[in-house]
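First comes the structure, then the notes that go with it.
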Amino acid sequence: MTNRADHVAALTGSTFDAVIVGGGINGAVSAAALAAHGARVALIDSRDFAGFTSQHSSNLVWGGIKYMENFEFGLVAGLCKSRNELMRAFPSTIREIRFLTTVDKGFRHSPRMLWMGAWLYWLFGRGFTQPPRLRSAAGISADEPLVDVSNSPGGIEYSDAYLADNDARFVWNFIRSAMDSGCVAANYVRCTGAAREAGGRWRLDALDTVSGQPLEIRAHVYVNATGAFADRLNVDAGVTTSHRHLLSKGIHLLVPRLSAERRVLAFFADDGRLFFAIPMASCTCIGTTDTRVDRPDTAVTDEDRDFVLSNINARLNLPRPLTRDDIIAERCGVRPLVVERGDGAGSDFLQLSRKHVVEVDREQAHISIFGGKLTDCLNVGEEICAEARALGVDLVRPAAPWYGEPGEDVRRQFDARARSLQLHGLAAEDTGERVTDRFWRRYGARAEQILDRIETDRRSLDPVIAGTGLRWCEVDYMREHEMIVRLDDAIRRRSKLAMVVGAETLRAAPGIGAMCDHLFGDDAPRRHRDYFESGGARSD
């Protein structure tokens, strides 16, 4: 069942083992894990899946090297272990990448001290990646002339990992996995209230914001996975917790590709935090900021833009300084940082880590997920299963792991068919990778359905917009299988088209109008207008 209307209809009329509110990374892995273990699961989100914090990350999957400075060695070791498992389970999606970190003269740590810390980090990571290297200023300049070393004694090089696709796509694939295991999932369904009924069930009042239809969803266990909104929903449900969130706004700017090398350039920004220039297809993603905010809904300000641009301009030998006119797209999200209730944590706000806490109210069969980051997502899924089992949900051991790419036999079958269709020599324009590798990474075993479309119509291999990797066969697949409601669902989350093509270029591209026709039929003009005239083209 992939039709959104069918999933919305299936939300009512029966009692689920668990209902999960929030379709970001924490909700997605919770649904995938529970469903794979045999639970009857419902998942709803008031926006699109990964429509909030989980679409605004740096796309890095890392063990938290910055937490070494605060001596949070247990957290670092755990995150490195999680990173390694993700790299093993998703080798096409999560790949090792080198970080070249340069420091200024007078920085609080010398390059040699950072190198020693990087070696300890590598050991915490069980030696899973390439070892770190101490780099001189001359060596950095020789390998990456783009880096300005005029005020630098050198730096270090070490490894972590990154998402070859966008973060929201990674989240969606967990949602897809959950649905394949029987989860009922629907985007654009808002929880409007929650209460315990006689007999110990939860009743969630909800609204399908697409049709306006009110819904009642019943479940034995309620999982609040709404991230930055978790505190608000807990109050609405009458649930008291010993943890809460502080919110930190972080932004990234997408600009034209700065370096031809596939490495992350890392610096320490003016505020002392790590600052990155990360390759993303034909662009570079630069940031981030760390600004305490009181509300989940935030926006990029001129002050944010100037901070990021001034920091990158000061650290690179660019032909000309980057300006606001060079910004292709922006990412702006809030990090929900978990603290104990009553702990203001105002004085050391910048030192707070991205750890997660799963808190359970056993009397009310309610689970809250606080904090967290993409790197630690598998642990969240496992913990939710353990807590659901303790609350009486009958779970079974799945026949195969609940996460990861399909096995090698499935991949060999896909590759053989792709060769028969003469696809292996075709390259994606934005990344240079083989188109078949792209299909496999994004769709897994379902990439066979992409090949079905190509076999029927060879023209479906044409790119939607020249120079980008997105092809018409993928648009057809999205329309039929990926619950596209709004244009940004397709071009911002299921793909990264809106992050690598400037808003005005995108708006004028004939391919976008045709894509709207493909996805929405007679409603295409309104969907096109809603996106480009609502500000969605700049920041969702």
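Classify the stretch 391-535: rounded, prolate or oblate, from the alpha-carbon gyration tensor (a ≥ b ≥ c, eigenvalue square roots; a/c under 1.5 rounded; otherwise prolate if a/b is larger than b/c)?
Oblate.
From the square roots a ≥ b ≥ c of the eigenvalues of the alpha-carbon gyration tensor of the stretch 130-233, which class results: rounded (a/c under 1.5), prolate (a/b over b/c), or oblate? Intermediate results must be reported in sequence, preceding the final value.
Numbers: a/c = 3.49, a/b = 3.26, b/c = 1.07.
Cα axes put the stretch 130-233 in the prolate bin.
Going by amide H atoms built from the backbone, whose H comes under 5 Å of the H on L215, apart from near neighbours?
Amide H to amide H, under 5 Å and 5 or more residues apart or across chains, L215 pairs with A206, L207, D208.
Which of the lysines could be linked to K81 by a straight reach, that is with a Cα gap under 24 Å, when you skip same-chain ones fewer than 8 residues away?
Cross-link targets: K66, K355, K373.
For N151, what charge total do you get from the other residues with a beta carbon under 11 Å from its beta carbon, if Lys and Arg give +1 and Asp and Glu give -1? Mind dumping the intermediate values first?
Values: positive: K105, R315; negative: D104, D148.
Residues close to N151 contribute a combined charge of 0.
Rounded to the nearest 0.05, what FRET efficiency is calculated for D294 and N317 with R0 set to 30 Å and r the Cβ-Cβ distance?
Values: r = 39 Å, r/R0 = 1.31.
Using R0 = 30 Å, I get an efficiency of 0.15.
Please tell me the relative contact order of the stretch 26-141 in percent, rounded to the nearest whole number, where contacts are Cα pairs under 8 Å and at least six residues apart. All intermediate terms of the calculation are to be shown ahead of the outcome.
Values: 65 pairs, mean separation 22.2, N = 116.
This gives 19 percent for the stretch 26-141.
Could you check how much of the accessible area of the chain is carbon and sulfur, as a whole percent, using a 1.4 Å probe?
On the way: 10390 of 21080 Å².
Solvent-exposed carbon and sulfur of the chain make up 49 percent of the total.
Suppose we keep just the DSSP beta bridges with both residues in the chain; what percent of those would be antiparallel, to 5? Could the numbers behind the result be given before it?
Numbers: 68 of 87 bridges.
Around 80 percent antiparallel, to the nearest 5.
Using only helices, what value at 222 nm comes out for the chain when you add -39,500 (n - 2.57) per DSSP H run of length 4 or more and divide by the total residues, to the nearest 500 deg cm²/dmol? Numbers along the way, then the final one.
On the way: 17 runs with 180 residues, N = 540.
Per the formula, -10000 deg cm²/dmol.
Which listed residue (S534, T241, T129) has the Cα farthest towards the positive end of the charge dipole for the chain, taking +1 on Lys and Arg C-beta and -1 on Asp and Glu C-beta about the Cα centre?
Comparing the listed Cα positions along the dipole, T129 ranks first.
Counting Lys +1, Arg +1, Asp -1, Glu -1, what net charge surrounds A161 among other residues with beta carbon under 9 Å of its beta carbon?
Details: positive: R83, R95; negative: E96, D160.
It works out to a net charge of 0.
Where nothing but the Cβ of Lys and Arg (+1) and of Asp and Glu (-1) is charged, how large is the charge dipole of the stretch 456-529 around its Cα centre, in debye to the nearest 20? If you can, show how the numbers build up before the last one.
Values: 13 positive and 12 negative charges, 50 e Å.
Dipole of the stretch 456-529, to the nearest 20 debye: 240 debye.
Just in the stretch 376-426: which trypsin sites (Lys or Arg not before Pro) are loop by DSSP and have at most 11 other Cβ atoms within 10 Å?
Details: sites: R389, R411, R412, R417, R419; in loops: none.
Taking the stretch 376-426 and a limit of 11 other Cβ atoms within 10 Å, no loop trypsin sites (Lys or Arg not before Pro) are found.
From the phi angles alone, apply the Karplus equation (6.51, -1.76, 1.60; θ = phi - 60°) to the stretch 22-29 and give each ³J(HN,Hα) in whole Hz, x where the residue is Gly or Pro.
x, x, x, 4, 5, x, 5, 6
How far apart, in nanometres, would the label points at E216 and R112 be if each is projected 7 angstrom from Cα along the Cα-to-Cβ direction?
The answer from the label model is 7.3 nm.
With θ taken as phi - 60° and the coefficients 6.51, -1.76 and 1.60, list the Karplus ³J(HN,Hα) couplings across the stretch 488-500 in order, rounded to whole Hz; mark glycine and proline as x.
5, 4, 7, 9, 10, 10, 5, 10, 10, 4, 6, 8, 10
What is the Cα centroid distance between the stretch 125-139 and the stretch 258-316, reported in whole angstrom?
Taking the Cα centre of each part, the stretch 125-139 and the stretch 258-316 sit 23 Å apart.
Within a Cβ distance under 10 Å of Q449, other residues only, what is the Lys/Arg minus Asp/Glu net charge? The partial results should precede the final answer.
On the way: positive: R446, R453; negative: E448, D452, D476, E480.
Spelling it out: positives minus negatives among the neighbours equals -2.
Which one of L337, A186, G444 has its Cα pushed farthest toward the positive end of the charge dipole of the chain, where Lys and Arg give +1 and Asp and Glu give -1 at the Cβ?
Value: G444.
Rounded if a/c is under 1.5, else prolate if a/b beats b/c, else oblate: with a ≥ b ≥ c from the C-alpha gyration tensor eigenvalues square-rooted, which is the stretch 434-478?
Values: a/c = 1.76, a/b = 1.17, b/c = 1.51.
Oblate.
Determine the dipole magnitude for the chain: charges of +1 sit on the beta-carbon of Lys and Arg, -1 on that of Asp and Glu, nothing else is charged, the reference point is the Cα centre, and the result goes in debye to the nearest 20.
Numbers: 68 positive and 73 negative charges, 176 e Å.
Once rounded to the nearest 20, the dipole reads 840 debye.
Express the accessible area of the chain per residue in Å², computed with a 1.4 Å probe while the remaining protein chains stay in the model. Each step should come with its number before you reach the end.
Working: 21080 Å² over 540 residues.
In whole numbers, the chain has 39 Å² accessible per residue.
Where the centre of each part is set by its Cα atoms, how far does the stretch 1-52 sit from the stretch 466-483, in angstrom?
Going from one Cα centre to the other spans 23 Å.
Can you give the charge dipole size of the stretch 23-117 about its Cα centre, rounded to the nearest 20 debye, using +1 on the beta carbon of Lys and Arg and -1 on the beta carbon of Asp and Glu?
So the dipole magnitude of the stretch 23-117 works out to roughly 260 debye.
Convert each backbone phi in the stretch 447-460 into a coupling constant with the Karplus relation 6.51 cos²θ - 1.76 cosθ + 1.60 (shift: θ = phi - 60°), then list the ³J(HN,Hα) values in order as whole Hz, x for Gly and Pro.
Running phi through 6.51 cos²θ - 1.76 cosθ + 1.60 with θ = phi - 60° gives 4, 4, 6, 5, 5, 4, 5, 5, 5, 6, 9, 4, 5, 5 Hz.
Of L309, T291, L374, which is farthest on the positive side of the dipole of the stretch 289-389, counting Cα position, with +1 on Lys and Arg Cβ, -1 on Asp and Glu Cβ, and the Cα centre as origin?
L309
The values are calculated or read from the model by the stated rules, or taken from the named source; none is laboratory data. Small disclaimer: the values here were computed from a predicted structure and weren't measured. Because the Cβ atoms are built from the backbone with ideal geometry, glycine has one as well, and the counts that use them run over all protein chains shown. We work out accessible area using only protein heavy atoms, side chains counted, and drop any ligands, DNA or RNA first. Shrake-Rupley method; radii C 1.70, N 1.55, O 1.52, S 1.80 Å.
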